[in-house]
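Working notes for the structure below.
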Amino acid sequence: MRMAFVCAIVIPLAGLVAMSGDGMELVRDGKATATIVAPAEDPLAYAANVIQHNIERMSGARLPIITCASEASTPRIVLRVRDGAARLDGFRIRSGDGEVVIEAASPRGCVYGAYALLEGLGCRFYGVEPLGIIVPERASITVAEGLDSLREPSYENRFPSTGSPEDHIRWGLHFTRFAKSHEQAKPAERLNLSQWSWGHIWPALVEKRFFADGSSPERMNYDKHKDWLPADEKGKRRYNGQTLCFSNPEALEWFTDNAVNWVLASFGDADYVNMWSADTLGIALCRCEKCKGRGWNATDWYMHVHNVIWRKLKERGWKNVFGWITYHGSEEPPESVQLPENGRQMDFLYAPRPRGASQHGPYTNHHSTNVIQFT
Ligand SMILES: [Zn+2]
């Protein structure tokens, strides 16, 4: 099983850069005093632009970007890739002798490093503009000497869940959101990007019947299938728009066929489909005696259903990757259900935030520990 990590923000690095009159001046009284050194292309060029753009917003000063370090006087900010600089797409920031050096083993690490430097200068990148980005006003900007900060992630892949194919190339990613029409898919094809799709589809799969030929879905009528509906704590079966009684073989068969129809009709060509349950703690599980009798937690049920969908997709000749999401703080690691074939062609997204944003579970905030529990 491959592992990925999805987030829309960059992790803050408080205290990385001190504001000090004794350090390296990048800007003095609104005038640029430093230079940025980076290649003209690839994610390092993007990282350089991110620094230039935000320092200009902070101070009004536009730091020049040049490609050749030997032509840049000090002080300067140098972005470079070096084997072994940091694990995966981590980064290292060092300062001294008139230089701030942002290094990474992969180009994307330098993008993270650029944002980390800006966060150290007081910027915040919580989400999309205008509300999600905070840029303080500074007439002068100084970076402390003697910094040496290494940041390395616990995850193989990290990526923002928004953006265009061009944005994803700038980040050095090789995949982007699946485009349904041929016309919309052209940028991704031109850039040779794999295409993914994901989202909270379970409620729609409960609500509607999907068809393999792609015709419009119809509202599902459970009048003749009341026993497919989940039971509440009092044993009363009722539609909750989130799940069914999956210990009922007919309900499981119908729901997983419905999911397969949805994948093949909507995303048959996607390289990667990640199908998420409802956005609620515990997936509002069926509480009938049979379901309770399994003793499974919500993630066990979630994986059980996914395993059936995966098997059916493979039987239908679908060759791509199928996955699910785990939210920090509201999803327990599975206890009973295993993945088929050790997770071959399956994928696992870890979102470092609780489901529904405001729900908090009893789990640790230590994301690498959470991921180990799941894997
Ligand atoms: Zn049940």
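Read the figures in this text as sums done on the coordinates, not as results from a lab. None of these values were measured; they are calculated from a predicted model. Glycine also receives a Cβ, built like all others from the backbone with ideal geometry; neighbour counts cover every protein chain displayed.
Remarks
- Taking amide H as placed 1.01 Å from N in the peptide plane, Tyr272 has its amide H under 5 Å from the amide H of Gln195, Ser197, Val321, each at least 5 places away in sequence or on another chain.
- Loop-located trypsin sites (Lys or Arg not before Pro) in the range 127-205, at most 15 other Cβ atoms within 10 Å (DSSP): Lys180
- A Förster distance of 56 Å, applied to the separation of the beta-carbon atoms of Lys314 and Tyr126, puts the FRET efficiency at 0.90.
- Förster radius 22 Å - calculated FRET efficiency between Asn49 and Ser70, Cβ distance, rounded to 0.05: 0.50
- Remark on Ala34: its backbone amide H falls under 5 Å from none of the residues 5 or more positions apart or on other chains, H modelled at 1.01 Å from N.
- Listed residues Leu88, Thr142, Ala34: farthest to the positive end of the dipole of the range 7-151 (Cβ charges): Leu88
- Modelled spin labels at Leu191 and Asp167, positioned 7 Å past Cα toward Cβ, are 1.0 nm from each other.
- When restricted to Cα atoms, the range 7-151 yields an Rg and a Dmax of 13.8, 39 Å, respectively.
- Electrostatic tally near Trp228: other residues with Cβ closer than 12 Å to its Cβ, Lys and Arg +1, Asp and Glu -1, net 0.
- Approximating the spin labels as points 7 Å out from Cα along Cα→Cβ, the Glu218-to-Ala40 distance works out to 6.1 nm.
- Residue-by-residue Karplus 3J(HN,Hα) for the range 181-194, coefficients 6.51, -1.76, 1.60, Hz, glycine and proline x: 8, 4, 5, 5, 7, 4, x, 5, 5, 4, 8, 6, 9, 5
- Panel order for Leu193, Leu205, Leu79, by other beta carbons found within 10 Å of each beta carbon, from fewest to most: Leu193, Leu205, Leu79.
- Over 30 Å (Cα to Cα) - which of Lys224/Lys312; Lys290/Lys319; Lys180/Lys290 fall in this group: Lys290/Lys319; Lys180/Lys290
- Put a plus charge on the Cβ of each Lys and Arg, a minus charge on the Cβ of each Asp and Glu, and nothing anywhere else: the dipole of the range 80-237 about its Cα centre is then about 600 debye.
- For the range 67-167, the list of chymotrypsin sites (Phe, Trp or Tyr not before Pro) that fall in a loop by DSSP and count at most 12 other C-beta atoms within 10 angstrom reads Tyr126.
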